[in-house]
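Novice: First the structure, which I've put down as structure tokens, then a few questions once you've had a look.
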Amino acid sequence: MHDITFANQVLRALAAKASTLKKGEKISGVNVALSPISHVKPGTLTETYKQLAGQTEFGSVALNIRTLKIVVACTSCGVSFPIDGPVFSCIKCGGTSLDIKENNEFLVESVEIERLGDA
């Protein structure tokens with residue numbers, strides 16, 4: 001379900017950008033970032049995007065996915081550290097009370113524009 005929500009978010013961003021294109025420009029790619037602890041995996045997002053985009057003018061726009069960094073902080077010792085998947089204890093003190101400090105589940109970061117021929 002989240003994969004459909006994220007793919008639709010990408011398509012909305014593409015539609016918004018398409019409305020600002022100048023003559024001789026086209027969208028060639030879209031860059032997104034996905035949390036490593038998201039319920040959505042890159043493969044399922046890619047497939048869902050292909051299915052939905054294929055029904056629109058954005059069917060040929062490449063989807064590029066990178067993994068977001070997540071930062072957690074230990075409430076016991078105060079150390080902050082990045083993670084790339086689920087973690088259950090502090091890397092410094094072993095404490096189990098951790099707060100997520102930086103985490104976005106999904107972001108549309110940028111849209112790539114290509115200039116066409118003699119335009």
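Computed from the coordinates by the stated procedures, all read-outs in this text should not be read as laboratory data. Because the structure is a prediction, the values reported are computed rather than measured. Ideal geometry is used to build each Cβ from the backbone, glycine not excepted, and the neighbour counts take in all protein chains shown.
Novice: Identify, from the list Val10, Val32, Val71, the residue that is crowded, with 19+ Cβ neighbours inside 10 Å and assigned to a strand (DSSP E or B).
Specialist: Details: Val10 fails: assigned to a strand (DSSP E or B); Val71 fails: crowded, with 19+ Cβ neighbours inside 10 Å.
Selected residue: Val32, the only one of Val10, Val32, Val71 that is crowded, with 19+ Cβ neighbours inside 10 Å and assigned to a strand (DSSP E or B).
One line per residue, one yes/no per condition, for (1) in contact (Cβ under 8 Å) with a residue 60 or more places away in the chain; (2) not aliphatic (A, V, I, L, M):
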| site | (1), (2) |
| --- | --- |
| Phe58 | no, yes |
| Val61 | no, no |
| Ala73 | no, no |
| Asp84 | no, yes |
| Glu102 | no, yes |
| Ser110 | yes, yes |
| Leu116 | yes, no |
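Novice: For the stretch 16-54, enumerate the residues that are farther than 26 Å from Ile100 by Cα, small (Gly, Ala, Ser) and in contact (Cβ under 8 Å) with a residue 12 or more places away in the chain. Before you say what the answer is, go through the steps one by one.
Specialist: Let us first name the residues in the stretch 16-54 that are farther than 26 Å from Ile100 by Cα, namely 16-30, 46-54.
From the residues that got through so far, the ones that are small (Gly, Ala, Ser) too are 16, 18-19, 24, 28-29, 53-54.
Result: Ala18, Gly24, Ser28, Gly29, Ala53.
Novice: Quick check on the stretch 91-100. Is at least one of its residues assigned to a loop (DSSP other than H, G, I, E, B), surrounded by 13 or more Cβ atoms within 10 Å (Cβ to Cβ) and small (Gly, Ala, Ser)?
Specialist: yes
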